[in-house]
Amino acid sequence: MKYELQKTDILSKARAGKMTTAHGEILTPIFMPVGTAATVKAVHQRELVNDIKAQIILGNTYHLYLRPGLDIMERAGGLHKFNGWSGPILTDSGGYQVFSLKDIRKISEEGVKFQSHIDGSRHLFTPESVMDIQRVIGADIIMAFDECAPYPCDYTYAQKSMEMTHRWLTRCINRFDSTEGRYGFEQTLFPIVQGSTYKDLRIKSAEFVAEQNCDGNAIGGLAVGEPAEKMYETIEYVNDILPKDKPRYLMGVGTPENILEAIALGIDMFDCVMPTRNARNGMLFTTQGIINIRNEKWKDDFSPIDETLGGYASTFYSRAYLRHLVKCDEILAAQIASVHNLTFYLWLVGQAREHILAGDFLTWKNAMVKQTMQRL
């Protein structure tokens, strides 16, 4: 993978860049729709391309390992062939999913033993096996295996967790460097900065990660309950350490405001389930603000969901019609709302990129945070 830093904003640390992978280019800053089980929920691949204009999507190592399983994945020719997505794919390591199974998993130096949430079967993830699994899945960008410390946690736990994550990273890199991809194209490994909200630990972790000289780097363990101000503070001093000539990925974030503020702090890549999960619950993100489509006020609003945004789902269907579908629990409601919200997220980061290149990002960002986060 190659990364070209094209422009840095004068009044902030916002960056515009270009990543080149075996499956295409990615213009940053970018938001990556989450396709946990080989699909972005309720969204066709053609909608990802034509309406949402996604440039890269995510797959989830934990879920794909359990279902459909590595045998099916390899026989299909990897995730690209299995789900029909021809663009770049990133797979997370499964670390966060295993972390969330706190009642049915056990963490040790070896790795993590866990029970499947599907059938209770027992499994072991190690740094080495997670590299092997992601090789079989065949993503363009694969993530190192890490422990995502809970928030809040005491300093001693955070320190021990971070140090083990670093040892795991060394094992990930050794395994990654000693193996090759299964499907004839190169893959890239991103390590993950941890350390909870403790500044000295985050700095130490960022320095260790930077020393590994990988093609890109990620910041994990944020947006897990800490105040937004603490998240932004952590991003700022970590980004002061991470290499400027490599992409920076903030994992699992977040709201439009979170994304805009993190772009201003020098983040290039984002993912989050929020646009699709909230869509299924009737919350729409629009260019003018946030809509709870279940509210009575939209009952006879026959205007498009978001005429300014463009795209088929956002302009063809009315707010009144979408509200009707939601109230009737029609499956189509989840489809329309999901396509709309993802279209908005990709539009937002695309606009951010344009304003970075134009030189007026900070002014635009401050206005857009207020506009897109207001309740309509």
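The values are calculated or read from the model by the stated rules, or taken from the named source; none is laboratory data. Values in this document were obtained by computation on a predicted structure and should not be read as measured data. Note that we place each Cβ from the backbone using ideal geometry, even for glycine, and neighbour counts take in every protein chain shown. Surface accessibility is based on the protein's heavy atoms, side chains included, excluding ligands, DNA and RNA. Shrake-Rupley method; radii C 1.70, N 1.55, O 1.52, S 1.80 Å.
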* Asked: If you check D146 against the conditions, is it under 25 Å from A223 (Cα atoms), open to solvent by 10 Å² or more (accessible area, probe 1.4 Å) and either among the basic types (K, R) or without any contact (Cβ under 8 Å) to a residue 40 or more places away in the chain (or both)?
  -> no
* To do: Check off (1) over 16 Å from the mean Cα position of the chain (by Cα); (2) open to solvent by less than 50 Å² (accessible area, probe 1.4 Å); (3) farther than 24 Å from F145 by Cα for L66 and give me the number that stays unchecked.
  => (3)
* Asked: When residues of the range 81-106 are filtered for being within 18 Å of the chain's Cα centre (by Cα) and buried (at least 16 other Cβ atoms within 10 Å of the Cβ), how many remain?
  -> 14
* Structure fact -> Of the listed residues (Y232, Y151), the one being outside any loop (DSSP other than H, G, I, E, B) and surrounded by fewer than 23 Cβ atoms within 10 Å (Cβ to Cβ) is Y232
* **Matching residues in the range 319-376 - criterion: being basic (K, R), more than 23 Å from M32 (Cα to Cα) and surrounded by 15 or more Cβ atoms within 10 Å (Cβ to Cβ)** => R319, R323
* Go through the range 258-312 and count every residue that is of a type in the set (F, W, Y) and under 29 Å from V238 (Cβ atoms). => 2
* **Every residue from the range 11-44 that is under 17 Å from H340 (Cβ atoms) and within 18 Å of the chain's Cα centre (by Cα)** => F31, P33, V34, V40, K41, A42, V43
* Asked: Regarding S303, is this residue of a type in the set (S, T, Y), loosely packed, with under 14 Cβ neighbours inside 10 Å and more than 23 Å from E257 (Cβ to Cβ)?
  -> yes
* Hey, can you tell me all the residues within the range 186-229 that are charged (D, E, K, R) and assigned to a helix (DSSP H, G or I)? => K199, D200, R202, K204, E207, E211, E229
* Structure fact -> Within the range 38-61, residues in contact (Cβ under 8 Å) with a residue 40 or more places away in the chain and charged (D, E, K, R) come out as K41, E47, D51, K53
* Structure fact -> Of the candidates Q97, Q115, the one satisfying the condition of being without any contact (Cβ under 8 Å) to a residue 60 or more places away in the chain and within 15 Å of C148 (Cα to Cα) is Q97
* Selection count where residues are aliphatic (A, V, I, L, M), open to solvent by less than 30 Å² (accessible area, probe 1.4 Å) and touching a strand residue (DSSP E or B) at 6+ places or on another chain (Cβ under 8 Å), scope the range 264-282 -> 2
* **Residue under evaluation A210, criteria (1) at pLDDT below 95; (2) out of contact with any helix residue (DSSP H, G or I) (no Cβ under 9 Å at 6 or more places or on another chain); (3) surrounded by 17 or more Cβ atoms within 10 Å (Cβ to Cβ), criterion not met** => (1)
* Considering the range 9-25 alone, what residues qualify as being more than 26 Å from V49 (Cβ to Cβ) and surrounded by 15 or more Cβ atoms within 10 Å (Cβ to Cβ)? -> D9, S12, K13, A14
* To do: Output the number of the condition that E109 fails; it satisfies all remaining conditions of (1) surrounded by fewer than 16 Cβ atoms within 10 Å (Cβ to Cβ); (2) without any contact (Cβ under 8 Å) to a residue 40 or more places away in the chain; (3) more than 25 Å from V43 (Cα to Cα).
  => (2)
* Structure fact -> Selection from the range 235-253 of residues assigned to a helix (DSSP H, G or I) and surrounded by 20 or more Cβ atoms within 10 Å (Cβ to Cβ) yields I235, V238, N239
* Within the bounds of the range 80-98, is there any residue that is basic (K, R) and over 14 Å from A38 (Cβ atoms)? -> no
* Asked: In the range 32-57, what residues are open to solvent by 10 Å² or more (accessible area, probe 1.4 Å), modelled with pLDDT of 95 or more and within 21 Å of M131 (Cα to Cα)?
  -> V34, A38
* Asked: Do you know which residues across the range 190-219 are among the acidic types (D, E), out of contact with any Phe, Trp or Tyr (no Cβ under 8 Å at 6 or more places or on another chain) and farther than 16 Å from E233 by Cα?
  -> E207, E211
